[in-house]
Amino acid sequence: MESGTGTKSTYKNIKIFDQKNWISENLSYKKDDGSWAWILHRITGIALIAYLFLHIYSLSPLTQGEAAFNAKMATFASPLFMVIEWLLFAFVLFHSLNGIRIVIVDWADGAKYHKQLYRLSWVLGIILFLAMGALMFSHELKKLF
Amino acid sequence: MYKYKASKDTGSKSWVIQRITGLALVVLMIGHYILMHYHPDSGHTYQAVLARMQFSWYRIIDLTFIVLGMYHGLNGIWNIFRDYKLKPWMKLSILSALIIFGIAFTAWGFNIVFSIPYVN
């Protein structure tokens with residue numbers, strides 16, 4: 001138990017979170033690799049569940065048969081949407097690789113290497129992102145040449 | 001009522017399930033992306049979808065994908081809300097909304113998969 005004496009002076013040195021300026025407090029907070037992993041995991045996670053809702057909605061013309069579906073898909077087959085889908089894969093990759101990192105960190109001794117794992121997930125992510133780009137756009141590129 | 005239930009639940013089961021579904025989704029998602037994009041038509045034409053849906057196991061994978069994705073995603077959103085100090089009525093409303101949206105969109109997804117006919 002705490003003795004009680006001297007607690008006041010100790011507390012003076014502790015920086016208290018300023019609730020009213022929570023935005024600037026969060027932005028000025030010193031972030032290491034783990035903080036960035038946490039922030040980006042949340043952002044990509046929210047984006048992916050939003051996309052899942054959108055995905056179910058956008059595939060709903062399947063219930064109306066071939067003509068309705070192909071009309072809807074004509075929009076999504078455009079090069080612009082293909083680039084958007086490719087960028088979405090970056091979100092998928094970050095969330096997947098960082099998710100694997102989280103499992104390794106929680107389980108066994110991963111916490112010792114969590115910063116190395118974070119950097120490794122970026123390296124792997126960029127390689128896989130480019131590989132998916134090659135897979136997705138190889139047919140488009142072949143048409144050009 | 002809800003308040004007391006929440007204080008007893010440490011969330012350890014939800015934590016494990018979140019990891020298991022997450023790892024399953026990694027596998028499914030990589031497969032999904034490759035399958036949908038190895039050819040420009042594979043993900044974007046009715047004929048390609050119809051051809052795939054003739055295999056029941058493919059339908060089962062899709063249904064599993066929807067359920068796992070919905071659960072993992074909405075549980076993730078719920079975990080974000082749980083990081084903040086919320087009043088019990090807010091928790092209850094948010095959780096109810098997430099469950100209703102989850103069930104509704106999962107049902108919609110199931111309906112879409114089942115609406116695709118088997119052609120002999």
Estimated Rh, the range B:2-115: Kirkwood, alpha-carbon pairs, angstrom: 16.3
Got a sec? Which residues of the range A:104-145 lose 50 Å² or more of accessible surface with every protein chain in place, vs. that chain alone, 1.4 Å probe? A:Asp106, A:Leu135, A:His139
Stretched out fully, how many nm does the piece from B:Tyr38 to B:Ser96 gain, at 0.36 nm a residue minus the Cα gap? 16.9 nm
Table column - 3J(HN,Hα) (Hz), the range B:36-53, Karplus curve with 6.51, -1.76, 1.60, x for Gly and Pro: 7, 10, 5, 9, x, 7, 4, x, 10, 10, 5, 4, 5, 5, 4, 4, 5, 6
When the accessible area of each residue in the range B:102-117 is compared between its chain alone and the complete protein assembly (1.4 Å probe; ligands, DNA and RNA ignored), which residues differ by at least 50 Å², being lower in the assembly? B:Phe105, B:Trp108, B:Ile112
For the range B:2-115, with only Lys/Arg (+1) and Asp/Glu (-1) charged at the beta-carbon, what is the dipole magnitude about the Cα centre, in debye rounded to 20? 720
Fully extended contour minus Cα-Cα distance, from A:Ile23 to A:Ile84, at 0.36 nm per residue: 19.0 nm
Determine the total buried accessible area between chain A and chain B, counting protein heavy atoms only with a 1.4 Å probe; round to the nearest 100 Å². 3100
With a 1.4 Å probe and all protein chains left in place, how much accessible area per residue does chain B have, in Å²? 62
Between the range B:10-83 and the range A:33-64, what's the alpha-carbon centroid distance in Å? 11
Rolling a 1.4 angstrom probe over the protein heavy atoms, how many square angstrom per residue are accessible across the range A:51-93? 51
Rounded to a whole number, the mean other protein chain Cβ count within 10 angstrom for residues of A:64-75 is 3
Longest principal axis of chain B (C-alpha) makes with the long axis of helix B:56-82 (C-alpha) an angle, in degrees to the nearest 10, of 30
Inter-probe distance in nm under a simple model that places probes 7 Å from Cα toward Cβ, at A:Ile104 and B:Leu23: 1.4
Size-normalised alpha-carbon gyration radius of the protein assembly as shown, reference 2.2 N^0.38 Å: 1.23
Using the Kyte-Doolittle scale, find the helices of chain A whose mean hydropathy is at least 1.0 and whose Cα atoms extend 27 Å or more along the helix's long axis, counting only whole DSSP H runs. A:33-59, A:79-106
Computed on Cα atoms only, the convex hull of the range A:96-145 has an orientation-averaged projected area in nm² of 3.7
Obtain the nm distance between the two label points defined at B:Trp15 and A:Lys112 by a simple spin-label model: each point lies 7 Å from its Cα along the Cα-to-C-beta direction. 2.1
Could you give the nm distance between label points at B:Leu86 and A:Lys142, where each point is 7 Å from its Cα heading toward the beta carbon? 4.9
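The values are calculated or read from the model by the stated rules, or taken from the named source; none is laboratory data. Computed from a predicted model, the values in this text were never measured in an experiment. Quick reminder, even Gly has a Cβ in these numbers, built from the backbone with ideal geometry, and neighbours come from all protein chains shown. The protein model used for the area step is the full one, side chains on, heavy atoms only, and it has no ligands, DNA or RNA in it. Shrake-Rupley method; radii C 1.70, N 1.55, O 1.52, S 1.80 Å.
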